[in-house]
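Asks: Here it is: the structure, laid out below.
The values are calculated or read from the model by the stated rules, or taken from the named source; none is laboratory data. Nothing here was measured: the structure is a model prediction, and the numbers come from that model. Areas reflect the complete protein model, heavy atoms only, side chains present, ligands, DNA and RNA absent. Shrake-Rupley method; radii C 1.70, N 1.55, O 1.52, S 1.80 Å.
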Amino acid sequence: MTRLRNDLLTGIVVAAPLGITFWLIYIFVTGPLADLDGQVKRVIPARFIPPNVLDYLPGAGIVLAIVALIVLGALAKNFIGRTVIKTGERLVDSMPVVRNLYGFFKNVFEMALQQSERSFKEVALVEYPKEGLWVMAFVVTSTKGEIRHKLQDVDDNLVSVFVPTTPNPTSGFLLFVPSGNLRILDMTVEEGAKLIFSAGLVTPAFDPDERVKELEAAAVQLSEQSNDEPNKKFSLFSRTKD
């Protein structure tokens, strides 16, 4: 019975993530994407593309929507497009309720589509909320702008870190910490997110001896490259002289 129970739990662990994933994909495809496909097909005038043709092409509306977004993005990059967008934003700013909603969603999408240099880079440990207590944090970037100017008397090298909450790592706290107070971990950002999401139950594998071997191998390789450098310069000088 114990073996059957363990097999049952193992089967649940294997099947549940797959089932939930495919179920969510099915709902998304048959729900929002299907609605978008139908809306786009109904908007297109019949004189341009006959409706009966689109009916036999599943997903044609989604493809046309993607093409339209690409064209919109290309137009937004030139002078005329930027002028039109700024004019539209000024019009939206004149509407009391609409401007708040527009500003909120604009900030959300700009943060979601931020450049790679602003994304999480490393996982670190930092003392928070007081000395002696340690929490996991994601290193975002070096602190810039007014915050760095106001805190330059604290430290010249401040780092912006995000301290997530458990078990929901999407919420948390933004801290500005001296880089010397961080203890950088070897785990990846994905492994750190799993550790936080599982409340410490899913811990990535770590072998200190293996890490030491990797560092020693890297040191040996760097030393060999440094020793070969004078020989390369000498051989290059000899060929140039000849």
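Asks: If ligands, DNA and RNA are left out, what is the accessible area of Y102 with a 1.4 Å probe, given in Å² to the nearest 10?
Replies: Roll a 1.4 Å probe over it and Y102 shows about 90 Å².
Asks: T2: accessible area at probe 1.4 Å, nearest 10 Å²?
Replies: Probe radius 1.4 Å; accessible area of T2 about 100 Å².
Asks: Continuing with the same structure: Using modelled backbone amide H atoms (1.01 Å from N, in-plane), which distant-in-sequence or interchain residues come within less than 5 Å of F173's amide H?
Replies: V163
Asks: In addition: Expressed as a fraction of 2.2 N^0.38 Å, the rule-of-thumb size for a compact globular protein of N residues, what is the C-alpha radius of gyration of segment 128-177?
Replies: That ratio works out to 1.23.
Asks: If you count only protein heavy atoms and use a 1.4 Å probe, how large is the accessible surface of K144, to the nearest 10 Å²?
Replies: It works out to around 120 Å².
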